[in-house]
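Everything below concerns the one structure shown next.
The values are calculated or read from the model by the stated rules, or taken from the named source; none is laboratory data. This structure is a prediction, so every number in the text was calculated from the model and none was measured. Every residue, glycine among them, receives a Cβ derived from its backbone with ideal geometry; neighbour counts consider all protein chains shown.
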Amino acid sequence: MSLVDLLFLLLLGILAYVWSAVRWRRRSRGLSFPPGPTGLPVLGNMFDIPIHKPWYAYRDLCSKYGDILHFRIFGQSIVVLGSADIIRESLNTGSTNTASRKQTIMLELTGESLNFGFMPYGRWWSRHRRAFWQHFDRDATIASGPIQRDMTHKFLERLLKDPSNLKEHMRFAFGRSVLKLAYGIDVSAEKDEYLAVMDETLEGASEGLVPRKFLVEYLPFLRYIQTWFPGARPQRLFAKWQQAAEKLKDMPYDCVRKCMESGTEAPQCIMSDLIAGLPHPREPSYHEEEDIVKNVCATAFLAGSDTMVSTLLGAFVALSLYPDVQKKAQAELDAVVGPDRLPDYSDQDSLVYIGAIVREALRWHIVDPLGLPHCTIDDDELYGYFIPAGTVLLPNMWAIMHDPETYPDTEAFRPERYIRDGKIGPTIRDPLSLVFGFGRRICPGRYFALAGLFVNIASVLHVFYIGPPVDGGGRPVEVTPGMTDGAMSYPEDARCTIKPRSPKAEALILDSARCAWLRTVANNN
Ligand code: HEM
């Protein structure tokens, strides 16, 4: 190559650089990215992003760089939002632009693309959300109260008979109540086909959507490796999860549909209601609407069961560590509800301390420590910084809920912090204003979730004493509270002892469960 050629190439390189710099300047209007660690060329901040329990490291990095923290990996911007005001400004105000979700190949490979919680902002998503909301808004939640109540009473009975399998009982109870509500299906045994399919689909979400766990996320051609290929374990998992998601989508739908078509009385449930509203099969929109019906019901289960299990498990851990909280709650329950019945939703206004426990449980053990990430649709500006289109926005919910300035003695479980003059008062930021997310993406299952947490926590405390676990010699074992890693976090150690408060409490559990079973049998006949 001659010197002239070399000079020509150099000139071309300089021109390309200047051209892209001018274009970038015009696009960013001269604004810079938010501050963050300086990355490497090409790889960017690949090695600066913490992998394990990143919410702790993000909190520390925010105290160094500020509450809007920027990372870039292979040209992808990720912004961590570290304060409640910034989160509100970014995700609530003008939220259309920040209401999308990042689309990754992992959603398809794990079968989770049926979950509308992961769909990008747009008409397809909003049609799902509208159908879902009809069945989970405040009024619909009141209407579904009896289902949650009966499931709670059966859950108490299982706890009484076998207190050692707390998490399994909870998963069974919540899985069951969503099955009943969404599909009208009653399951009585843990080894149920529907529950097995649901568990496999949930496994896809909890294991497959952990960022950077599977190489295929960055090298999409790996998806074409066949399942029989040696070392293709991820491909076998993807196949299993996709099959489970397909089954979850079709199996209950076919069952309810058949029931309706055969003239047998279809179960009263969300699915039968949505099927009744479907257009005629010859209408062009029929197949889309049918898909929405299936996705909405599957999403109710995927989004609604383990969030509840994790929060309630956290509440059990807290209650076993704070006997004084339990005593106060039980004094309130004894005074308001009395020994002859279990608490119900109608007691909500009178059970102020239980309401405060629900709030503190949602703060103390936060289910999704980094929220459910949002994503920008167009270029944006936040507090004078440039936020490019497609940026992933991570609200550090754990840091906000554990900020000692807002919640003094932040690691302690103190429901009293929300009570003033005998009422839940505006003394302190209410966790309910944050833990369910933001803007157009705010959790549409929040009324159902709050009702379920209230009735479960109140009922459990009414009849059980929850204590620390004991060793073989009956001595209490110390439990250190902690959170598991992953997008959805569980208590690391949820061991505790669960005993009925009195023989009368035991009789009340058995009697309430018997009535719940009788109602189930009556409804099924
Ligand atoms: C303790 C219980 C729960 C917590 C803490 C919780 C929290 C959240 C959060 C933080 C989001 C993301 C919001 C955002 O993107 O800003 C969300 C989304 C969602 N939640 Fe919940 N949730 C709970 C229970 C439930 C239940 C019981 C259901 C269903 C019955 C449900 C259904 C959904 C759905 C469908 C979405 C996706 C919304 C969308 O993207 O449009 N959640 N939830």
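Residues that are among the acidic types (Asp, Glu) and farther than 18 Å from SER83 by Cα were ranked within segment 348-372; the one that is farthest from the chain's Cα centre (by Cα) is ASP349. Is at least one residue of segment 210-219 buried (at least 21 other Cβ atoms within 10 Å of the Cβ) and either touching a residue at least 24 places away in the same chain (Cβ under 8 Å) or within 25 Å of the chain's Cα centre (by Cα) (or both)? Looking through segment 210-219, at least one residue is buried (at least 21 other Cβ atoms within 10 Å of the Cβ) and either touching a residue at least 24 places away in the same chain (Cβ under 8 Å) or within 25 Å of the chain's Cα centre (by Cα) (or both).
The set of residues in segment 437-465 being within 16 Å of the ligand (Cβ to nearest atom) and within 16 Å of LYS328 (Cβ to Cβ) consists of ILE457, ALA458, VAL460. Filter segment 9-29 down to the residues that are under 38 Å from the mean Cα position of the chain (by Cα) and either surrounded by fewer than 11 Cβ atoms within 10 Å (Cβ to Cβ) or of a type in the set (Asp, Glu) (or both) and list them by number. Residue satisfying the conditions is ARG29 alone. Within segment 112-130, how many residues are touching a residue at least 12 places away in the same chain (Cβ under 8 Å), of a type in the set (A, V, I, L, M, F, W, C) and within 11 Å of the ligand (Cβ to nearest atom)? Number of matching residues: 3. Taken together, the residues in segment 415-433 that are modelled with pLDDT of 95 or more and touching a Pro at 6+ places or on another chain (Cβ under 9 Å) amount to 2.
With respect to the conditions (1) more than 18 Å from the chain's Cα centre (by Cα); (2) among the polar types (S, T, N, Q); (3) under 19 Å from LEU274 (Cα atoms); (4) surrounded by 23 or more Cβ atoms within 10 Å (Cβ to Cβ), THR152 falls short on a single one, namely (3).
Do we have LEU11 as free of Cβ contacts under 8 Å to residues at least 60 places away in the same chain and out of contact with any Ser or Thr (no Cβ under 6 Å at 6 or more places or on another chain) here? Here the answer is yes, as LEU11 does meet what is asked.
For the residues VAL455, VAL521, VAL463, VAL479, the requirement of being crowded, with 17+ Cβ neighbours inside 10 Å and out of contact with any helix residue (DSSP H, G or I) (no Cβ under 6 Å at 6 or more places or on another chain) singles out VAL479.
Among the residues of segment 147-174, those that are within 16 Å of the ligand (Cβ to nearest atom) and either touching a Leu at 6+ places or on another chain (Cβ under 7 Å) or of a type outside the set (Gly, Ala, Ser) (or both) comprise ILE147, GLN148, ARG149, MET151, THR152, PHE155, LYS167, MET170, ARG171, PHE172, PHE174.
None of SER90, SER177, SER144 is within 14 Å of the ligand (Cβ to nearest atom), over 30 Å from PRO343 (Cα atoms) and not acidic (Asp, Glu) except SER90. Scanning segment 446-494 for residues that are in contact (Cβ under 8 Å) with a residue 24 or more places away in the chain and in a strand (DSSP E or B) gives PHE464, TYR465, ILE466, GLY467, VAL470, MET483, PRO491. Right, ALA182: within 16 Å of the ligand (Cβ to nearest atom), within 26 Å of SER489 (Cα to Cα) and either of a type in the set (Val, Ile, Thr) or crowded, with 19+ Cβ neighbours inside 10 Å (or both) or not? Answer is yes for this residue. Whenever a residue of segment 325-344 is farther than 18 Å from GLN148 by Cβ, its partners that are among the polar types (S, T, N, Q), lying with C-beta atoms within less than 9 angstrom and at least six residues away or across chains, give the pairs GLN326/SER320; GLU332/SER350; ALA335/SER350; VAL336/SER350; PRO339/SER502.
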